[in-house]
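Q: To start, I am sharing the structure in question, which I have written as structure tokens.
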Amino acid sequence: MPGPGRPRKPLEQKRRTGRTPTTDSGGRKLPTRGALALAPTTEPALVELDAASVMGQILSDGVTWLAKTDSVALVLLREALEERTEVRERALGGSTEARKELRELDKQIISQLADLGFDPSARARLGLAEVAARSKLEELRRGRKG
């Protein structure tokens with residue numbers, strides 16, 4: 001069991017800050033920077049989040065790793081997103097209690113998204129954050145075809 005302290009930073013986050021570690025904490029060699037899958041940059045949406053569009057995006061983006069067994073977690077996430085709409089309206093109306101409730105609900109939603117693989121460390125655990133570098137044999141084969 002790990003000792004007390006800060007949790008480890010995901011590899012993607014270390015590389016974004018300019019650190020280039022060569023081995024992970026277990027001494028295993030890390031892939032080179034060129035072997036990382038590039039995630040498209042996105043701008044935060046300034047529109048209101050509605051449950052249907054968010055769930056549609058989650059299902060389309062997570063189609064490669066989400067399974068039937070995730071259906072309960074997805075239903076709970078959808079319900080939390082639907083509840084968020086109502087709580088947000090009350091918070092915008094000036095209710096300080098609703099603002100506190102909204103912050104707690106947002107934390108819950110972020111946690112649920114992480115559990116379903118929608119944050120850098122979860123994607124790394126699933127093996128989705130990095131791709132294997134092409135072997136020399138693959139490069140030679142590709143050179144013959146192309």
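Q: I'd like the residue in the range 105-145 that is under 13 Å from the mean Cα position of the chain (by Cα) and small (Gly, Ala, Ser) and, out of all such residues, is modelled with the highest pLDDT.
A: Ranking the candidates gives Ser111 first.
Q: Could you tell me how many of the residues in the range 52-92 are among the hydroxyl-bearing types (Ser, Thr, Tyr) and either surrounded by 11 or more Cβ atoms within 10 Å (Cβ to Cβ) or in contact with a His (Cβ under 8 Å, 6 or more places away or on another chain) (or both)? Explain how you work it out, then say what you get.
A: So in the range 52-92, the residues among the hydroxyl-bearing types (Ser, Thr, Tyr) come out as 53, 60, 64, 69, 71, 85.
After this cut, where a residue has to be either surrounded by 11 or more Cβ atoms within 10 Å (Cβ to Cβ) or in contact with a His (Cβ under 8 Å, 6 or more places away or on another chain) (or both) as well, the list is 53, 85.
Qualifying residue count for the region: 2.
Q: Checking Gly117 against (1) of a type outside the set (Val, Ile, Thr); (2) surrounded by fewer than 16 Cβ atoms within 10 Å (Cβ to Cβ); (3) not in a helix (DSSP H, G or I), which test does it fail?
A: (2)
Q: I've got another one for you. Quickly run through the range 93-110 and pick out the residues that are exposed (fewer than 14 other Cβ atoms within 10 Å of the Cβ) and either farther than 16 Å from Leu49 by Cβ or touching a residue at least 24 places away in the same chain (Cβ under 8 Å) (or both). Write out each step before concluding.
A: To start, the set of residues in the range 93-110 that are exposed (fewer than 14 other Cβ atoms within 10 Å of the Cβ) comprises 93-94, 96-97, 100, 103-104, 107, 110.
Correct list: Gly93, Gly94, Thr96, Glu97, Lys100, Glu104.
The values are calculated or read from the model by the stated rules, or taken from the named source; none is laboratory data. Keep in mind the model is a prediction, meaning the values are calculated, not measured. Because the Cβ atoms are built from the backbone with ideal geometry, glycine has one as well, and the counts that use them run over all protein chains shown.
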